[in-house]
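What follows is a short report on a single structure.
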Amino acid sequence: MRLSYTQFEELEAFARFGTRLDERTRRTIEHGTRVREVFKQPPGHPLPVAEQLAVFLAVDEGLFEYVPVHAVVDAERLVRATLRERFGDVVTRIEAGEQIDRETRSRLVAAFRAALDSVRQGSDD
């Protein structure tokens, strides 16, 4: 994620010069903008590690790609709520320092995708 974010910052700076962007570059910039939004946290209120990891997983799996930038905060809340409400056992394992296996990862991604469908379908962007 760090490499793609660094690439985004470089492309964003380049785009400020009014350069016409191809579709791939435009998508990279939009993705980076969403990543920047999920990196933001209220001052003095860091998110629990398990919730941060859940949001990063959703972003890494491309689940935020069709979420409008203005709806990223709502999408994050949905992912975090889905984790807390449906996967308390996973939260406990993450907090204990355990790694998540492929099957659990797949279950999380499927649940996050379903939760985010309402945000993506409700967008006009």
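Observations, loosely collected:
- The stretch 90-106, residues that are in contact with a Lys or Arg (Cβ under 9 Å, 6 or more places away or on another chain) and surrounded by 12 or more Cβ atoms within 10 Å (Cβ to Cβ): Val90, Val91, Ile100, Thr104
- Filtered residues of the stretch 70-80 (kept if surrounded by 15 or more Cβ atoms within 10 Å (Cβ to Cβ) and β-branched (Val, Ile, Thr)): Val72, Val79
- Any hit, the stretch 81-88, residues being assigned to a loop (DSSP other than H, G, I, E, B), modelled with pLDDT of 90 or more, more than 13 Å from the chain's Cα centre (by Cα) and surrounded by 12 or more Cβ atoms within 10 Å (Cβ to Cβ): yes
- Candidates Asp60, Asp89: the one that is among the charged types (D, E, K, R) and either more than 17 Å from Ala114 (Cα to Cα) or in contact (Cβ under 8 Å) with a residue 60 or more places away in the chain (or both) is Asp89.
- You will find that of Val59, Val73, Val119, Val55, the residue that is assigned to a helix (DSSP H, G or I), at pLDDT 95 or above, on the phi < 0 side of the Ramachandran plot and not assigned by TED's automatic domain parsing to the domain that holds Gly32 is Val55 and no other.
The values are calculated or read from the model by the stated rules, or taken from the named source; none is laboratory data. Given the structure is predicted, the values throughout are model-derived calculations rather than measurements. As a convention, Cβ positions derive from the backbone with ideal geometry for all residues, glycine included, and neighbour counts pool all protein chains shown.
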